[in-house]
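Structure, as structure tokens:
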Amino acid sequence: MSSDVCPLLTVHFVYLGDDGHEADDTEFTAYCQAIPRTGEVIVPEAGQRSVVMRVYHKFHTEAGERFLYPTVVMKPLSLLETPD
């Protein structure tokens, strides 16, 4: 078995809404080689730069089974904005 292949992790992403809470309708799942860190600027496939506000683990139910997945909460950045 080759050791140079990095397994992909299932990671859930969600944006903060205008009220400062997670907007469930913005949630999506991606496969990542590493979990983003708080404060890191990332560019999801949608193309808008975002800053990671927090990372935590959350249970998700799929096909009747429960899985514990990392959840990354992001805030979109404007073109000229820099993270705090």
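FYI, it's all coordinate maths here, none of it is from the lab. Computed from a predicted structure; not experimentally measured. Here the Cβ positions follow ideal geometry from the backbone for every residue, glycine too, while neighbour counts run over all protein chains shown.
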In nm², what is the average projected area of the convex hull enclosing the Cα atoms of the chain? 7.4 nm²
Check: the chain dipole with +1 on Lys, Arg Cβ and -1 on Asp, Glu Cβ, in debye: 280 debye
Hey, with R₀ at 22 Å, roughly what FRET efficiency would Cys32 and Arg54 work out to, going by the Cβ-Cβ distance, to 0.05? 0.85
